[in-house]
Each structure stands twice: as C-alpha cells, then as structure tokens.
C-alpha cells in the first residue's frame, strides 16, 4: 500500500470500465504507453492480470469483475471527501458557547436567538462569563468564541474588532446632580457605584479624573454595568455604563443619562476565535450571524447621534 499511488485507482477505474488500454488512455487524457505502465503496476499490486486477451480483444478477469463496482464506489466517496462540503444552516444541530460579560449577554441574547432561529432552529447558544479552570478556553475548545473588551491578541487567537462604545453617566431621574452645572468637581462630589473588573474598582474614568487631581468615592462595587445602573436607579449613587447598554436599559428602569465631564476612551469590543475553527462552515456561519447582530444593536452612527443628544450639562 505504501507504494500505491492514488492516481492508480483512477487508472484502474478507467481500465475496468473500458476494458481497453487505448480507450482508458483516451478517457483519462493519457498516452497508451503511460496507461500500459499503469496496468503493469496494478497487476503487480493486485497479483492479478486484470485484463487478458481473448481472441482479438481484452476481457476482465473474475477478480477485475468483482473489483469494478467496489472501485467505482470508492472513488465516488473519495471525490466527495475531497470536495468542499455544501453547508446548509437549516440542518445544523449545534450549541455554541460564547464567553462574554453579563452586560453583553443581556443586550445581545434575544436578538441573537431571533436571528439564529430565522434560518437554523436547531442551533442553541450558551453565554458564559468564564470557562472555569481553563486558562485558555479558545485553545482548549471549552468555548467557541470570546466577545468583550479584553480579547487576547495572542498569535493563536483570530481577533476582529466588532464595535466601539462610549461611556456615559447614569443617575436616577430626580437626582440632585441635575439641578447643578456638571463639572468634574460636582461629579466627584457624589458617591459612586462601579463595576468591578478583575477585582479592581478603578477604571478609565478614575484615571481621567486623577489627571485633573480628582478622585471619586466608589462606595459600592458590583459585577456588571447592568447591576450598577439598577443600583443607581434607586439610590443617590452615580454610575457609568456603555452607551448602548445604557440606552437599552433606560427603556426599563427610571434613569437619566449624561455625558461625562471628563474625556474617557471608548470601550473597544472584539470577537476572538481559535484558528482551527476559522474555516469550519458552522463556526464561520455563527460568527457572521453574531457580527451582524452586534452591528445592528451597536450601530456606531446611532450611538454617536445618541451621545450628541446628551447635554454635557444635565
């Protein structure tokens, strides 16, 4: 078998089908001498003459007659194996695991399921905030994709920026802040509820304030911007959140949004996946659906218009 060229299978198929070296050569676009050499190799490999002369023509041996349907079936399966698979999402039965934070899961969950069900009702999605004990979940395959602001730029991670989201301030509708001119000093006058990131309550807003010689008092740390907004809606605490999330939650809870009195870099959210999944048809299709949903929910044009509609001074 180590000496057997797969091209000999095509030669064998032609020889068995045509029963003639010359006709088999024409069928494969080869010269008759080349086909004769292929027949000689096949005879040695199979220990059978395959074609023998009977009068003025060649006839198949019993072994060749038995091989003919098997070789034809084998080559059909080989061609099918080597041809690109035709992907039909409607037949897909698969669960995709997305590692992301609670805020993105809250806002993307419903539209993502709706988009998937429109073409593939056999697909399910599971959002997880972490992959447990797996230090590199994409490499180990414990998650299919990562979505968030902290996607690794490791060489083994494919990465694509999905959207950029500005920060906004959040307070309950009748907060005394809205009776004043908003300045960095009035902003830090009130206590704050902040999202705890990797055990740290300090973020981009704190760094911007520090550059002005100011510090805000974070009296409460919570695991998500959603929790921070809910807390702010029923207290005197100020919160901050990504604009897309804040606008979405504002429909359900009584808060007002305001532009922060300091310059803060936008949040850059990226999608990451492992290279081994890059060309998998189902995975590629799922990524495209997820990217489209993110684009619809976090339209940059809408976000910029929404941010521009907020007053710097509440």
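Taken together, the values in this text are just the output of simple stated rules run on the coordinates, not laboratory data. The model shown is predicted, which means the values in this text are computed figures rather than measured ones. Please note: Cβ atoms are built from the backbone with ideal geometry, for glycine as well, and neighbour counts cover all protein chains shown.
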> Hey, rough spin-label estimate for residue 150 and residue 121, points 7 angstrom out along Cα→Cβ, what's it come to in nanometres?
Replying inline: 4.0
>> With angles folded into 0 to 90 degrees, how steeply does helix 281-297 sit against the dominant principal axis of the chain? Use alpha carbons for both and round to 10.
In response: 20
> When the Cα centres of segment 226-252 and segment 167-197 are compared, how far apart do they sit, in Å?
Replying inline: 11
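Among 271, 12, 28, what is the fewest-to-most ranking by other Cβ atoms within 10 Å?
By the 10 Å Cβ count, ascending, the order reads 28, 271, 12.
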> By how many degrees, between 0 and 90 and to the nearest 10, does the Cα long axis of helix 32-46 differ from the longest principal axis of the chain?
Replying inline: 80
>> Using Cβ contacts closer than 10 Å as the measure, can you line up 78, 16 from fewest to most?
In response: 78, 16
> For segment 196-246, taking Cα atoms only, what is the radius of gyration to one decimal and the Dmax to the nearest whole Å?
Replying inline: 11.3, 31
>> Using only Cα atoms and rounding to the nearest 10 degrees, what angle (0 to 90) does helix 62-82 make with the longest principal axis of the chain?
In response: 20
>> Of all beta bridges DSSP finds with both residues in segment 167-265, what is the antiparallel percent, to the nearest 5?
In response: 60
>> For the chain, give me the percentage of DSSP beta bridges that are antiparallel, rounded to the nearest 5 percent.
In response: 60
> Normalised by the residues of the chain, what does the relative contact order come to in percent, with Cα pairs under 8 Å and at least six apart?
Replying inline: 20
>> Suppose the Debye formula is applied to equal point scatterers at every Cα of segment 7-82; what is log10 I(q)/I(0) at q = 0.11, 0.18, 0.22, 0.26 Å⁻¹?
In response: -0.25, -0.68, -1.00, -1.32
>> Using Cβ contacts closer than 10 Å as the measure, can you line up 86, 107 from fewest to most?
In response: 86, 107
> What's the extension gain from residue 263 to residue 210 if we count 0.36 nm per residue and subtract their Cα-Cα distance?
Replying inline: 17.9 nm
>> Can you give me the convex hull volume of the Cα atoms of the chain, divided per residue and expressed in Å³?
In response: 191
> When the helix-only estimate is applied to the chain (DSSP H runs of n ≥ 4, each -39,500 (n - 2.57), divided by the residue count), what is the mean residue ellipticity at 222 nm, nearest 500 deg cm²/dmol?
Replying inline: -12500 deg cm²/dmol
